[in-house]
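J.: Mind looking over this structure? Questions follow.
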Amino acid sequence: MLNAIEPDSYICPHRHITPPKDEGFLVLQGKGVTIIFEDDGQIRDMFLLDPSQGKWGVDIPAGLYHTILAVVPQTVFYEVKPGPYDPQTDKSFTSWAPPEGHPNAAAYLHQLQRHVAEILK
């Protein structure tokens with residue numbers, strides 16, 4: 001699947017556990033960051049995906065909460081995970097991050113962007 005996202009796009013942190021599925025992201029255009037979280041919402045790791053630096057992709061083991069953010073406009077990620085796709089069980093969302101469209105989502109995204117800015121220095 002292709003994910004074309006902009007810097008102010010919010011994708012709620014989630015994981016894939018029913019059934020457990022690893023997931024991979026490759027950046028095809030632009031620059032982005034994949035964030036991996038601990039179960040309590042603390043950031044475990046961040047991976048800059050930037051073709052100009054030879055940082056093309058990341059694999060995320062099943063069961064880890066994660067999200068992706070665009071750092072520059074017109075960023076496109078290629079996402080791959082095993083099928084079959086079932087929209088009822090594909091994603092397990094967290095209780096510590098607001099859902100997409102929630103009034104607090106923009107503030108949470110801004111908080112994540114501040115963390116990302118630290119690795120871009």
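The values are calculated or read from the model by the stated rules, or taken from the named source; none is laboratory data. From a predicted model like this one, the values you see are computed outputs, not experimental measurements. Every residue, glycine among them, receives a Cβ derived from its backbone with ideal geometry; neighbour counts consider all protein chains shown.
J.: Tell me the residue from THR89, THR34, THR75 that is in contact (Cβ under 8 Å) with a residue 24 or more places away in the chain and under 15 Å from ILE17 (Cα atoms), please.
T.: None of the other options fit; the residue is THR89.
J.: May I pose another question? If you go through segment 102-121, how many residues are in a loop (DSSP other than H, G, I, E, B) and at pLDDT 95 or above?
T.: Number satisfying all stated conditions: 3.
Conditions (1) of a type in the set (Val, Ile, Thr); (2) surrounded by 14 or more Cβ atoms within 10 Å (Cβ to Cβ), marked per residue:
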{"residue": "THR75", "(1), (2)": "yes, yes"}
{"residue": "ASP86", "(1), (2)": "no, no"}
{"residue": "ALA97", "(1), (2)": "no, yes"}
{"residue": "GLY101", "(1), (2)": "no, no"}
{"residue": "ALA106", "(1), (2)": "no, no"}
{"residue": "HIS115", "(1), (2)": "no, no"}
{"residue": "GLU118", "(1), (2)": "no, no"}
{"residue": "LYS121", "(1), (2)": "no, no"}
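J.: Restricting attention to segment 28-87, and to residues there that are assigned to a loop (DSSP other than H, G, I, E, B) and of a type in the set (Lys, Arg), which single residue is farthest from LEU109 (Cα to Cα)?
T.: LYS81
J.: While we're here: Surrounded by 13 or more Cβ atoms within 10 Å (Cβ to Cβ) and under 20 Å from TYR10 (Cβ atoms): is that true of LEU49 in this structure?
T.: Yes.
J.: For PRO99, which of the numbered conditions (1) in contact (Cβ under 8 Å) with a residue 40 or more places away in the chain; (2) part of a strand (DSSP E or B); (3) not hydrophobic (A, V, I, L, M, F, W, C) fails to hold?
T.: All conditions are met except number (2).
J.: Here's another thing I want to ask about it. If ALA62 passes every condition in (1) closer than 22 Å to LEU120 by Cβ; (2) surrounded by 14 or more Cβ atoms within 10 Å (Cβ to Cβ); (3) not charged (D, E, K, R) but one, which one does it miss?
T.: (1) is the only condition that ALA62 fails.
J.: Exactly one condition in (1) over 23 Å from TRP96 (Cα atoms); (2) in contact with a Pro (Cβ under 7 Å, 6 or more places away or on another chain) is false for ASP22; which is it?
T.: Checking ASP22 against (1) over 23 Å from TRP96 (Cα atoms); (2) in contact with a Pro (Cβ under 7 Å, 6 or more places away or on another chain), the one that fails is (1).
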